[in-house]
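In what follows, a single structure is set out as structure tokens and then discussed.
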Amino acid sequence: MRYYFAPMEGITDSIFRRTHAKYFSGVDRYYMPFLSPTVHRQLTHKEDRELPFADTEAFSAVPQIITKVAEDFLWAAQVCADRGYDQVNLNAGCPSGTVVSKGKGSGMLRDAEALDAFLEKIFSQSPLPISVKTRLGLDDPADFYRILEVYNRYPIQELIIHPRTRKQFYDGDLHMDMFQYALESSKNPLCFNGELRTNTNISDFSKDFPKIDAVMIGRGLIADPGMLDPRGTTREALQAFTEELTECYIAAFGGARNAMFRMKENWSFLRHRFVGSEPLWKQLRKTTDLGEYKALCAGFFATLPLADPYAPQQW
């Protein structure tokens, strides 16, 4: 099985990826939060920072591009090729309202003909192989029958399917019947993405879908950073990981305020790795003082037992 770390805007930035790979093994490929190219055809300062040259990293990473304009995609793909990457990923799955209203992300699934025309242009001219991260459609999972017909016309490096509609966001049941249909009907290799929060979830999925050899994990790996590491998420590694992340963000952001804000996004998931974390989490969420923040973080490790990593997750 190949394991991919899903891109999560505001969490899995370049600092996070680098630090995670330092402390935890098991991830075969990190997918980057999306680049959003514009007609100006120039990386912003943030995008330039978040797209390091591939050979400067000690792990494999895939840039993700979000756009509905083929020419903008091709420009961004060339930038990625120039920086040494060996593939790019098209985001056709983001459910954000501001993204969908512009016809990007899962908004691309509204019009199968327009999606087809877009894919024809990028696959005929892209300097790199293209994988696609997709949902089933906007509102009706049955829309995926038509969408998959379109995908089957192109040599997609890997079709990463989150079997929900855009309307569902990240809630509600996964439409595993549609994933089964994709397994039977796709002409391209498949990767599964959705609700794999524990190794038990992965094992159960593998039993149900033994032909799938790649999965993408997001929230599960944020909450349990070492879930794929043979050693698991040890208390020592997790504490060192979070402390280094904090210091790296303080240095990168030029101060503690934004660094704590970013780390609280991480802790909103990490807190579930500890038994009885709610009181400390409430204090951590409210604090604006760096000293208090660090003391509260230390309190997690000094006073709370780690939760069973194989137990069902209710968050």
As straight-line cross-link partners of residue 282, the qualifying lysines (C-alpha separation under 16 Å, not fewer than 8 residues apart within one chain) are 264, 294
Residue separation between residue 261 and residue 295 times 0.36 nm, minus their alpha-carbon distance, gives in nm 10.7 nm
In nm, the gap between the two label points placed 7 Å beyond Cα toward Cβ at residue 56 and residue 125 is 2.9
Carbon plus sulfur, as percent of the 1.4 Å-probe accessible area of the chain, comes to 51
Subtracting the Cα-Cα distance of residue 69 and residue 46 from 0.36 nm times their residue separation yields 6.2 nm
Label model pair residue 146, residue 206: point-to-point distance (7 angstrom along the Cα→beta-carbon line) in nm is 3.9
With -39,500 (n - 2.57) per DSSP H segment of 4 or more residues and division by the full residue count of the chain, the 222 nm estimate, nearest 500 deg cm²/dmol, is -13000 deg cm²/dmol
Env charge @ residue 244, Cβ radius under 12 Å, K,R +1 / D,E -1, value 0
The size of the Cβ-based charge dipole (Lys, Arg +1; Asp, Glu -1) of the chain about the Cα centre, to the nearest 20 debye, is 560
With DSSP loop assignment and no more than 10 other C-beta atoms within 10 Å, the chymotrypsin sites (Phe, Trp or Tyr not before Pro) in the stretch 1-95 are 53
Ordered by number, the trypsin sites (Lys or Arg not before Pro) in the stretch 55-131 that occupy a DSSP loop and have at most 16 other Cβ atoms within 10 Å are 83, 102
Other residues with Cβ under 13 Å from the Cβ of residue 265 give, with Lys and Arg +1 and Asp and Glu -1, a net charge of +3
Any aspartates and glutamates whose Cα falls less than 13 Å from that of residue 187, other than same-chain ones fewer than 8 residues away, would be 149, 158
Rounded to whole angstrom, the alpha-carbon centroid of the stretch 251-296 lies from that of the stretch 31-66 at a distance of 27
Net charge (Lys, Arg +1; Asp, Glu -1) of residues whose beta-carbon lies under 14 Å from that of residue 293, residue 293 excluded, is +3
Result for the stretch 60-112: accessible area per residue, probe 1.4 angstrom, in square angstrom, of 32
As a percent rounded to 5, the proportion of antiparallel DSSP bridges among beta bridges in the chain is 5
Counting lysine pairs in the stretch 1-146 that sit 8 or more positions apart or on different chains, with Cα atoms under 24 Å apart, gives 14
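The values are calculated or read from the model by the stated rules, or taken from the named source; none is laboratory data. On a predicted model such as this, the values are computed, not experimentally measured, just so you know. In this analysis, Cβ positions are derived from the backbone assuming ideal geometry, glycine residues included, and neighbour counts consider all displayed protein chains. Surface accessibility is based on the protein's heavy atoms, side chains included, excluding ligands, DNA and RNA. Shrake-Rupley method; radii C 1.70, N 1.55, O 1.52, S 1.80 Å.
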